[in-house]
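Bear in mind these aren't lab numbers, they're just calculated from the coordinates by the rules spelled out. Bear in mind the structure is a predicted one, so any value in this text is a computation, not a measurement. Here the Cβ positions follow ideal geometry from the backbone for every residue, glycine too, while neighbour counts run over all protein chains shown.
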Amino acid sequence: MNNLSRILALAAFSAVVIAAPVRADDVKAGDLVISQAWSRATPGGAKVAGGFLTIENKGSAPDKLVAVTAEIAGKAEVHEMAMDNGVMKMRPLDKGLVIEPGKTVKLAPGGNHLMLQDLKGPFKQGEKVPVTLEFEKAGKVVVSLDVQGVGAQAPGGGGGMMMKKMPDHSGMKM
């Protein structure tokens with residue numbers, strides 16, 4: 001191979017590697033694939049943090065996220081945020097969150113999310129925070145939330161979803 005061919009081959013290979021999503025932290029549980037698990041750094045004294053992730057159901061039957069626990073939090077729940085007569089309201093999903101077969105559910109700022117309350121310490125950027133998700137069929141699975149910067153809107157601090165800045169729960173007391 002001449003130098004030009006090697007350079008072109010290396011450039012093509014590099015482009016593929018860079019363009020491919022990093023999937024090393026994907027967690028498989030039964031027919032589910034959990035990816036892009038993250039949270040935001042919290043200021044000292046904060047008692048609440050949000051957790052965000054993507055759940056894909058590759059199976060032929062629905063599954064349901066029924067509970068979440070985290071050692072760093074006194075209480076953890078699956079929450080939804082929704083507009084109600086022009087007012088954004090947040091509430092726990094007491095009956096769980098269904099992941100239909102062949103579908104992907106994204107827990108993200110401003111929508112469904114994990115709510116970690118009564119924090120025992122702050123989340124620091126660069127840390128990994130373990131949480132346990134409990135599914136009706138797939139059972140219990142531990143995932144690590146990658147802690148991003150305080151105002152992050154997506155994993156890696158990027159704005160993968162360009163949204164209006166949503167309220168930050170990190171300083172909220174419940």
- [ ] Examine the stretch 77-85 for a residue that is of a type outside the set (Asp, Glu) and either touching an Asp or Glu at 6+ places or on another chain (Cβ under 8 Å) or within 23 Å of residue 141 (Cβ to Cβ) (or both), and state whether such a residue exists.
- [x] yes
- [ ] State all residues of the stretch 78-91 that are surrounded by 12 or more Cβ atoms within 10 Å (Cβ to Cβ) and either of a type in the set (Ser, Thr, Tyr) or out of contact with any Lys or Arg (no Cβ under 8 Å at 6 or more places or on another chain) (or both); if no residue qualifies, say none.
- [x] 78, 90, 91
Open item on the list: Just to be sure I understand, how many residues within the stretch 24-40 are among the charged types (D, E, K, R) and touching a helix residue (DSSP H, G or I) at 6+ places or on another chain (Cβ under 8 Å)?
Closed with: 1
TODO: Restricting attention to the stretch 110-128, report how many residues are within 13 Å of the chain's Cα centre (by Cα) and not hydrophobic (A, V, I, L, M, F, W, C).
DONE: 5
